[in-house]
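K.L.:
Have a look at the structure that comes next, please.
The values are calculated or read from the model by the stated rules, or taken from the named source; none is laboratory data. It should be emphasised that the depicted structure is a prediction, and the values quoted were computed from it without experimental measurement. Backbone-built Cβ (ideal geometry, glycine too); neighbour counts: all protein chains shown. Quick note on the areas: whole protein, heavy atoms, side chains included, nothing else; ligands and nucleic acids left out. Shrake-Rupley method; radii C 1.70, N 1.55, O 1.52, S 1.80 Å.
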Amino acid sequence: MRDSIHNSMRFSDLLRPLLPSSPPGGVIALVGGGGKTTAMFALAEEFSADGHDVLMTTTTHIADPRDEPGRNFDHLWLDPAAMADLAHIPQAAGGRGRRCVLASSDAADAGKLKGIDPEQLTTLRHAWPFILVEADGAKRKPIKAPAVYEPVLPETADLVLGLIGLDALGRPCSADTVHRPEHFSQVTGCPPGAPIGLDHLARLATSPDGLFKRVPPATPRILVLNKADRCPLPLPAVLDALEDPVSRCAELIVITTLAEGAPERRVHAQRPLVCCHFPGDLAS
């Protein structure tokens, strides 16, 4: 299928057809590198603008949003049990939904929050229409391959977003660009120090030990290629190179700049894929 260029479509609008519709909402897990936290807050902003309450959390660690400019939220809680009932949480103004951040405690690393147990999402999903879960860590690098214990996916996930930063293209495979470069080399075949190419992104997305590792076969997946404003290649060329291989493991490729302040300008292109319904070997 050909790609569509959108200057007025929001990121959240692309996700809705892959989420439960009655009632609208769902648990969305984010994995990979290149802007998971930015994506989470962007989605929270958009769902909230439509009047939906949104819970943002993590099953690993997350930078404390109170210390990060531009991370907009209404409340932050360090008690998962308190979030199972929305009655005590003040309503947001102007008909907007509440945007809340949940962690279990301050982490040992300064400026970090410790995530919750994934099993707690089973209870929380009954209270919150939308739950956004950062289920992976990348140390602020644009690209990564998971370690043996990663990602920490919740079983309740209705949709998984696999993120890659397009600013990784052309840069050397090293710790300056890649989180866990030794795993990345094993998964993608990119030698240490060699430039990262589109073929390596394709292998990362399709490998059973790559971006969508541990995702159940029936769970929809979207490949999110973020930081389009820093991509060294034409965006149509990126889509053309990845369409065929990624159709093995995802239903949609989206190219974004999620740090863009205007929601209608965050999506640059999308390409729906004729997915082979996630072969079982990719879910191991």
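K.L.:
Here is a list: Leu223, Leu198. Which entry is in contact with a Gly (Cβ under 7 Å, 6 or more places away or on another chain) and modelled with pLDDT of 95 or more?
P.N.:
Values: Leu198 fails: in contact with a Gly (Cβ under 7 Å, 6 or more places away or on another chain).
So the residue among Leu223, Leu198 that is in contact with a Gly (Cβ under 7 Å, 6 or more places away or on another chain) and modelled with pLDDT of 95 or more is Leu223.
K.L.:
State which residue is farthest from Pro142 (Cα to Cα) when the search covers only segment 17-38 and only residues that are part of a helix (DSSP H, G or I) and touching a residue at least 24 places away in the same chain (Cβ under 8 Å). Steps first, please.
P.N.:
If we filter segment 17-38 for residues that are part of a helix (DSSP H, G or I), which is where we start, we get 17-18, 36-38.
Then keep just the ones that are touching a residue at least 24 places away in the same chain (Cβ under 8 Å); that gives 18, 36-38.
On the way: Leu18: 25, Lys36: 10, Thr37: 12, Thr38: 12 Å.
Looking at residues that are part of a helix (DSSP H, G or I) and touching a residue at least 24 places away in the same chain (Cβ under 8 Å), I get Leu18.
K.L.:
A further question on this structure: Return the total of residues in segment 236-265 being open to solvent by 40 Å² or more (accessible area, probe 1.4 Å), assigned to a helix (DSSP H, G or I) and not small (Gly, Ala, Ser).
P.N.:
Residues that pass the stated criteria total 5.
K.L.:
Any residue in segment 39-66 that's in contact (Cβ under 8 Å) with a residue 40 or more places away in the chain and within 19 Å of Leu153 (Cα to Cα): show its pairings with residues that are open to solvent by 20 Å² or more (accessible area, probe 1.4 Å) and in a helix (DSSP H, G or I) at Cβ separation under 6 Å, as long as the two are six or more apart or on different chains.
P.N.:
Thr59/Pro118
K.L.:
Search segment 181-225 for residues being under 18 Å from the mean Cα position of the chain (by Cα) and within 16 Å of Lys141 (Cα to Cα), and hand back the single one that is surrounded by the fewest Cβ atoms within 10 Å (Cβ to Cβ).
P.N.:
Gly210
K.L.:
Sticking with this structure for a sec: Looking at Asp229 and the list (1) without any contact (Cβ under 8 Å) to a residue 60 or more places away in the chain; (2) within 30 Å of Pro17 (Cα to Cα); (3) buried (at least 22 other Cβ atoms within 10 Å of the Cβ), which single condition is not satisfied?
P.N.:
Exception for Asp229: condition (3).
K.L.:
Return the total of residues in segment 6-16 being free of Cβ contacts under 8 Å to residues at least 40 places away in the same chain and under 20 Å from Val215 (Cβ atoms).
P.N.:
1
K.L.:
Checking Arg66 against (1) in a loop (DSSP other than H, G, I, E, B); (2) under 30 Å from Thr177 (Cβ atoms), only one condition comes out false. Which one?
P.N.:
(1)
K.L.:
While we're here: Please verify whether segment 233-242 includes one or more residues that are modelled with pLDDT of 95 or more and on the phi > 0 side of the Ramachandran plot.
P.N.:
No, every residue in segment 233-242 fails to be modelled with pLDDT of 95 or more and on the phi > 0 side of the Ramachandran plot.
Each row is one residue, and each column tells you yes or no for (1) among the acidic types (Asp, Glu); (2) modelled with pLDDT under 95; (3) under 19 Å from Ala29 (Cα atoms).
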{"position": "Leu43", "(1), (2), (3)": "no, no, yes"}
{"position": "Ser48", "(1), (2), (3)": "no, no, yes"}
{"position": "Gly70", "(1), (2), (3)": "no, yes, no"}
{"position": "Phe73", "(1), (2), (3)": "no, no, yes"}
{"position": "Trp77", "(1), (2), (3)": "no, yes, no"}
{"position": "Leu86", "(1), (2), (3)": "no, yes, no"}
{"position": "Gly97", "(1), (2), (3)": "no, no, no"}
{"position": "Val101", "(1), (2), (3)": "no, no, yes"}
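K.L.:
Could I ask something else about it? In segment 74-83, which residues are within 15 Å of Thr58 (Cα to Cα) and either part of a loop (DSSP other than H, G, I, E, B) or open to solvent by less than 50 Å² (accessible area, probe 1.4 Å) (or both)?
P.N.:
Result: Leu76, Leu78, Asp79, Pro80, Met83.
K.L.:
Further, regarding this structure: State which residue is modelled with the lowest pLDDT when the search covers only segment 115-156 and only residues that are in a loop (DSSP other than H, G, I, E, B), over 30 Å from Ile196 (Cα atoms) and hydrophobic (A, V, I, L, M, F, W, C).
P.N.:
This residue is Ala127.
K.L.:
Now a separate question. Please determine, by comparing only the residues of segment 97-114 that are open to solvent by less than 10 Å² (accessible area, probe 1.4 Å) and either in contact with a His (Cβ under 8 Å, 6 or more places away or on another chain) or not in a loop (DSSP other than H, G, I, E, B) (or both), which one is farthest from Arg214 (Cα to Cα). First the steps, then the outcome.
P.N.:
Within segment 97-114, the subset open to solvent by less than 10 Å² (accessible area, probe 1.4 Å) is 97, 100-103, 113.
Next cut, either in contact with a His (Cβ under 8 Å, 6 or more places away or on another chain) or not in a loop (DSSP other than H, G, I, E, B) (or both) only: 97, 100-102, 113.
Numbers: Gly97: 31, Cys100: 27, Val101: 25, Leu102: 24, Leu113: 24 Å.
Out of the qualifying residues, it is Gly97.
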